[in-house]
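Shown next, in structure tokens, is the structure this report addresses.
The values are calculated or read from the model by the stated rules, or taken from the named source; none is laboratory data. This structure is a prediction, so every number in the text was calculated from the model and none was measured. FYI the Cβ positions are ideal-geometry reconstructions off the backbone, even for glycines, and counts take in every protein chain you see.
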Amino acid sequence: MTVTTRETSSESRKTGAASSRTRRRRLASWKAFLYVVPALAFSLTFLIVPTLQTAWYSLYDWNGLSAATWVGFSNYLDIFQDEQLRDSFLHVGTLVVFYSFVPIAIALLLTMVISRAHALRGMSFFRTVLFLPQVIASVVVATTWLSIYSPNGMLNTALRAIGLDSLTRVWLGDFTTALVSVGFVGTWLNVGLCLVLFLSGVGNVQPELFEAARLDGANSFQEFFGITLPALRGQIVVALTLTVVSSLKTFDLVYITTRGGPGNSTSVPAYEAYSRAFNSGQVGSAASVAVVLTLGILIITALIGRLQPKETE
């Protein structure tokens, strides 16, 4: 009888200890949850709720002041039927080339040169100058290039100085050059970012690989395409993601330099969303453009992310 009582008492203590540990774990998990509450509240207030509200507005014809009228998905159909909206999404394709593909190509070329000439004097200064556009406010960048592209700006002055007066023009006021001119600013902005990413990737490559390639008689191109480029796959994916997203959400550069003009030649979705919401009183249409642009960015980012190399154990 005594033995049974002792066993029962021991089991009771074990059960109590287990219950106590369970309560402590639950309390610890609640304490951990409290740490993320501020971030969650911030995201709900300034990201999730406004996004859902924007999606709701996109289903109405509303000018922002008077009563709204339910139109369903008509605003989304207008994106494909309205020439101005359709062109704004097509213009983004041109900007992707200048904001992403061209900077990545230039940065890869510079990486090939710098990786072979890392001991040259002044290389740190060269890297700093190339990355400098990333730390300058976008408003300052847009204003500077607006001055460069002006009729009497630095670009036309340089062309006149070398006898190429026939090439001078109002670069941001010409239907054929306005979008390309805006795109070139994006190239200037993103080359430094891509270069820094690629140089950091080259720094992770074992020097023995380069030494072995040089001993085997590999030239610069063979060394780059055989060692450097495969090692930079992860950095290229990151650069591609950052630059493509920056091209898709371009707004401030277009707003300051061209306001979507001349005509509709430099209009982009982000600017159209702003213009329709605050200038034309088409809040529902602006919301639909914003929703489609957001979904497009998410889908493209996910597709690019699939190019990321798998980590090997």
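Quick check, is Val139 in contact (Cβ under 8 Å) with a residue 60 or more places away in the chain, in contact with a Ser or Thr (Cβ under 8 Å, 6 or more places away or on another chain) and either among the hydroxyl-bearing types (Ser, Thr, Tyr) or not in a loop (DSSP other than H, G, I, E, B) (or both)? Here the answer is no, as Val139 does not meet what is asked. In a residue-by-residue description of segment 294-303, the property of being closer than 20 Å to Gly183 by Cα, touching a residue at least 12 places away in the same chain (Cβ under 8 Å) and outside any helix (DSSP H, G or I) applies to no position. Checking Asp252, Asp216 one by one, the residue that is closer than 30 Å to Trp62 by Cα and either among the charged types (D, E, K, R) or modelled with pLDDT under 90 (or both) is Asp252 and no other. Screening segment 90-108 for residues that are within 16 Å of the chain's Cα centre (by Cα) and among the small types (Gly, Ala, Ser) and picking the one that is farthest from Leu199 (Cα to Cα) gives Gly93.
When Thr250 is tested against (1) surrounded by fewer than 18 Cβ atoms within 10 Å (Cβ to Cβ); (2) β-branched (Val, Ile, Thr); (3) out of contact with any Ser or Thr (no Cβ under 9 Å at 6 or more places or on another chain), exactly one condition is not met: (1).
Scanning segment 260-290 for residues that are within 22 Å of the chain's Cα centre (by Cα) and either more than 17 Å from Gly64 (Cα to Cα) or assigned to a loop (DSSP other than H, G, I, E, B) (or both) returns Gly260, Thr266, Ser267, Val268, Pro269, Ala270, Tyr271.
I'd like to check something: does segment 214-223 contain any residue that is touching a Gly at 6+ places or on another chain (Cβ under 8 Å) and farther than 25 Å from Ser100 by Cα? For segment 214-223, residues touching a Gly at 6+ places or on another chain (Cβ under 8 Å) and farther than 25 Å from Ser100 by Cα: present.
Considering each of Phe126, Phe131, Phe80 in turn, give the residue that is in contact with a Leu (Cβ under 8 Å, 6 or more places away or on another chain) and part of a helix (DSSP H, G or I).
Step by step, each of Phe126, Phe131, Phe80 is checked, and only Phe131 is in contact with a Leu (Cβ under 8 Å, 6 or more places away or on another chain) and part of a helix (DSSP H, G or I).
Take segment 200-226 and flag every residue that is in contact with a helix residue (DSSP H, G or I) (Cβ under 6 Å, 6 or more places away or on another chain), within 24 Å of Phe131 (Cβ to Cβ) and either part of a loop (DSSP other than H, G, I, E, B) or not small (Gly, Ala, Ser) (or both).
So in segment 200-226, the residues in contact with a helix residue (DSSP H, G or I) (Cβ under 6 Å, 6 or more places away or on another chain) come out as 201-202, 205, 209, 213, 220, 223-224.
When the remaining residues are screened for being within 24 Å of Phe131 (Cβ to Cβ), the result is 201-202, 205, 220, 224.
Hits for segment 200-226 are Val202, Val205, Phe224.
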